[in-house]
1. How much mean residue ellipticity at 222 nm does chain B get from its helices, if each DSSP H run of length 4 or more adds -39500 (n - 2.57) and you divide by all residues, to the nearest 500 deg cm²/dmol?
2. First check a/c for segment B:1-105, with a ≥ b ≥ c the square roots of the eigenvalues of its C-alpha gyration tensor; if it is under 1.5, answer rounded, and if not, answer prolate when a/b is larger than b/c or oblate otherwise.
3. Just want the ordering: A:ARG8, B:ARG368, B:ARG334, from fewest to most Cβ atoms lying within 10 Å of their own Cβ.
4. Given a Förster distance of 35 Å, report the FRET efficiency between B:LEU22 and B:ALA346 from their Cβ-Cβ distance, rounded to the nearest 0.05.
5. Hey, what do the phi angles of segment A:47-52 turn into as Karplus ³J(HN,Hα) couplings, whole Hz, using 6.51/-1.76/1.60 and θ = phi - 60°, x for Gly and Pro?
6. Averaged across orientations, what area in nm² does the convex hull of the alpha carbons in segment B:226-359 project?
7. In debye, nearest 20, what is the charge dipole magnitude of the protein assembly as shown about its Cα centre with +1 on Lys and Arg Cβ and -1 on Asp and Glu Cβ, if you could check?
8. Please identify the DSSP H helices in chain B that span no less than 15 Å along the helix axis (Cα) and have a mean Kyte-Doolittle hydropathy of -1.0 or more.
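Each value in this text was obtained by applying a stated rule to the coordinates, not by laboratory testing. Given the structure is predicted, the values throughout are model-derived calculations rather than measurements. Here the Cβ positions follow ideal geometry from the backbone for every residue, glycine too, while neighbour counts run over all protein chains shown.
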Amino acid sequence: MAEKKTNRRDFLFTATYAVGAVGVGATVWPMIDQMNPDASVKALASTEVDVSSLNPGNTITVLWRGKPVFIRRRTEEEIAEAKSVKMEELKDPEKDEDRAKNPEWLVMLGVCTHLGCVPLNDKGDYNGWFCPCHGSHYDISGRIRKGPAPTNMEVPKYEFVNANTIKIG
Amino acid sequence: MSDSEYTPKSKFGKWFNDRLPLLSLASHLTDYPTPKNLNYWWTFGGILTFCLITQIVTGLTLAMHYIAHADMAFESVEHIMRDVNYGWLIRYIHSNGASMFFLAVYIHIFRSLFYGSYKSPREIIWIIGIIIYLLMMAAAFMGYVLPWGQMSFWGATVITNLFSAIPLVGEGIVTWLWGGYSVDNPTLTRFFTLHYLIPFLILGLVVLHIWALHVPGNNNPVGIDIKKPSKDTVPFHPYIVIKDGFALLMFMIVFAFFIFYTPNILGHADNYIEADPLVTPAHIVPEWYLLPFYAILRSVPDKLLGVVAMLSAILILAALPWLDTSKIRSAVFRPLYKQFYWILVADVLILGYVGAMPAEGLYLLIARIATAYYFLHFLVVLPVLGLKEKTLPVPLSITEPVLGGLPNLVTAKNKESLK
């Protein structure tokens, strides 16, 4: 046999495979993407919460995008405690000032960063939150201190619309 | 396919069989030569087939009344329990049937581990079995979500969040699985679809599992290769059919006990509370059949490594035919392996127990030791044992130790000690 050379037919095979692959990709992608959040889910992007009745030392839980959001009005002692923690002690170092722009108000997703359970208020070894599922302890700034969770509880995008109303999202 | 040439007697049968050899297949299945020393641990293959068919039939009937919508799923299950004629019975068969299915599959798997059924030339049968087992876990998990109770919702949340441990793309995958930013209606409808699909995938794999089995034939308690057909075999029908049928009846008595006397003992009371995304139940545990893996997940303090350990614990089984280096199949002739086998059984039971307990203090310590031992068994004990263990002499045939002629089992052992 003659030595193998790239000929017209090889080119046609390669071109056919390439076009075929693009076609398969273009057909499969809609099947995959249909599982992503749809327009109606995305439309529920923000929630406004009236926090005027919340007393210092109390937490309310509101639903935002199907997830619980903790809003805690912290006391002076709690703020002092949150600020006093040294960065070296933290698994996911983050200053309290960066988590609560207005130190009196802590707003964060009430979702454990381990596997998504809702941590319990005023529980755990650090006077913050405790996740009953797999034993993660969070401090009064919502930072992970002990247990399997890798990161601090997430702070969502929010703003004070006026003195009494927080808009999340 | 058939070992013997088969020709249908009737003219029509011959005409049909020449065009579609279903009669040849039936003849192969009837005459299929089976080792004559199979004990009752070998009846669980048939029992598992029964479990699969039961789940499919009861599942189809439940699907006629169930509504896969976050606002109506919980109510529709209560509607099945209270209003639908015999709805309570069909649902209890289906929910307890899942537990019975896993009970049977665990016995089936541990039978294979004891008698070395996974070894050459049966590796493909074993690997197909592991895939079936994985699909069973997926089907059971998604089925548990459908009633939309508290355990359904939070079980779904925890398990889907396992994927968030994957670096970089994890969060995106979880959102994609959910079809939203939390477990919600889109999650429920797709879980229902997949829960409906998977049993039929399993059914297809079961056909391959049996096909692959019929190539080398059954392993047997002595674990030796046998000549087929010979004095060592009996035809599948009627010998094995009757034995399987009797074992199935015994199994159905246990099954019926759960359905009629304690239908909820294997479930959790929390699942009779409708799903609430704001409140996590105080104590989340999966169904009993997933507890050992759950214990492994929780015993590792790092999120990603915990998930990796849990998945490895299952996938390591697929490598078992190559991790076990011993040429002897049956534990009957492996005095050391037999002891390690029972330690492994105890280890898995301990993992199951601590998986149901809170992950703290002594329980956590026990879970860590048991997890370490689990991997040690497969990665160290089995490879080393195959090279170091002094095995007992195996008989040359199944008939030999029974119908006289040396060496039989007992004399073989004595001979060994005389040396």
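1. -20000 deg cm²/dmol
2. Oblate shape, in that a/c is at least 1.5 and b/c is the bigger or equal ratio.
3. Starting with the residue having the fewest Cβ neighbours, the order is A:ARG8, B:ARG368, B:ARG334.
4. Rounded to the nearest 0.05, the efficiency is 0.15.
5. Computed from phi, the couplings for segment A:47-52 are 9, 9, 10, 8, 10, 5 Hz.
6. Over every viewing direction, the Cα hull of segment B:226-359 projects on average to 13.6 nm².
7. 2680
8. B:44-63, B:87-115, B:123-145, B:150-161, B:185-214, B:241-261, B:303-315, B:335-356, B:361-376
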